[in-house]
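Quick notes on the structure that follows.
Read-outs: derived from the displayed coordinates by stated rules, not from any lab. Since the model is a prediction, treat every value here as computed from it, not as a measurement. Heads up, the Cβs are rebuilt from the backbone with ideal geometry, glycines too, and the neighbour counts pull from every protein chain shown.
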Amino acid sequence: MPLEEEYIPLSGKGVHAVFFDAGETLVHPVPSFPELFREVCLAHGLEVDMLQVSRVTRGLMAEVEERQREGFTFSDDPEKSRRFWLRFYARLVGELGYRGDDGLAQDLYRIFSDPERYDAYPDAREAVASLRDRGYRLGLISNFEPWLEDLLVRLGLADLFSVLVISGKEGVEKPHPRLFEIALERVGARPEECMHVGDSPNSDYRGAREVGMRAVLLDRWGRHPSFAGERISDLRELLTLLD
């Protein structure tokens with residue numbers, strides 16, 4: 001039986017702590033990844049179609065997730081992460097028809113590694129604050145570079161979380177169970193008392209379920225319509241889910 005079909009609770013009873021992924025769950029590039037990507041490419045003379053950018057990006061990330069199932073990691077070390085993203089952007093623009101060699105991949109890496117280029121989703125701010133007001137302990141478990149912590153401070157979100165577990169600081173990456181275990185140890189709760197919410201069926205949903213946590217997939221754009229487990233499209237839905 002697929003893992004996501006094994007456990008679909010009817011209420012939030014027993015959940016004391018809620019953990020969140022970061023990228024595309026709480027925070028995102030502004031105005032959006034495709035639009036910011038297009039802006040940088042135009043500065044290098046590359047015209048791109050935003051729908052094609054989204055399609056190619058999703059395809060490349062799906063490959064990454066498949067490699068992660070086999071043990072591949074990249075965000076658990078800042079230098080490894082830098083090399084990965086430079087190669088990723090070079091391949092992405094190559095598939096979009098770019099044949100230049102004037103530092104486009106380096107500029108993309110610089111832009112998307114700048115905390116000033118990110119903001120929180122409106123539903124993230126509302127949901128996190130509401131859950132905190134309701135007495136839930138909140139944490140973050142994210143495959144991200146160490147500068148994520150500075151970003152959360154700048155956005156006024158850091159103080160809402162009791163625990164920040166970031167792969168680039170811990171040296172281990174989701175879906176490896178150790179990153180989830182670190183979060184559980186620091187929050188002082190058993191897996192069955194915790195929920196994890198994120199946008200990746202593999203790293204977030206399966207990773208959390210494999211350590212015994214309740215898991216919810218955030219599917220903002222309807223990319224996983226056949227997903228059999230708990231799925232939401234807006235973080236504010238958590239408030240009803242946990243009632």
Task: R0 of 25 Å, Cβ-Cβ distance Arg220-Arg91: FRET efficiency to nearest 0.05 - done: 0.50
TODO: On a 0 to 90° scale, report how tilted helix 33-43 is relative to the longest principal axis of the chain, with both axes built from alpha carbons and the result rounded to the nearest 10.
DONE: 20
Task: Size of segment 112-181 as Cα extents on the principal axes (Å, biggest first) - done: 31, 29, 17
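Could you work out the mean projected area of the convex hull around the alpha carbons of segment 36-78, in square nanometres to one decimal? Walk me through the numbers on the way to the answer.
Working: hull surface 16.2 nm².
Computing the convex hull of the Cα atoms and averaging its projections yields 4.0 nm².
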TODO: Describe numerically, in nm with one decimal, the distance between label points set 7 Å from Cα along Cα→Cβ at Asp119 and at Ser32.
DONE: 1.4
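Hey, with R₀ at 22 Å, roughly what FRET efficiency would Arg110 and Glu181 work out to, going by the Cβ-Cβ distance, to 0.05?
Rounded to the nearest 0.05, the efficiency is 0.05.
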Open item on the list: Sequence gap at least 6, Cα distance under 8 Å: using those rules, report the relative contact order of the chain to the nearest whole percent.
Closed with: 28
TODO: Evaluate Rg over Rh across segment 31-115, taking Cα atoms for both radii and Kirkwood's formula for Rh.
DONE: 0.96
- [ ] Go through segment 54-135 and name the GluC sites (Glu not before Pro) that are in a DSSP coil and have 14 or fewer other Cβ atoms within 10 Å of their Cβ.
- [x] Glu70
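What percent does the relative contact order of segment 31-115 come to when contacts are Cα pairs within less than 8 Å and at least six residues apart? The partial results should precede the final answer.
On the way: 42 pairs, mean separation 27.8, N = 85.
Reported as a whole number, the value is 33 percent.
Compute the FRET efficiency between Arg190 and Thr240 as 1/(1 + (r/R0)^6), taking r as their Cβ-Cβ distance and R0 = 25 Å, and round to the nearest 0.05. The partial results should precede the final answer.
Numbers: r = 24 Å, r/R0 = 0.97.
Calculated transfer efficiency: 0.55.
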Open item on the list: Above 32 Å lies some portion of the pair distances; for the chain, what is it as a whole percent of all C-alpha pairs?
Closed with: 19
Task: Estimated [θ] at 222 nm from DSSP helical runs (n ≥ 4, -39500 (n - 2.57)) normalised by residues in the chain, nearest 500 - done: -12000 deg cm²/dmol
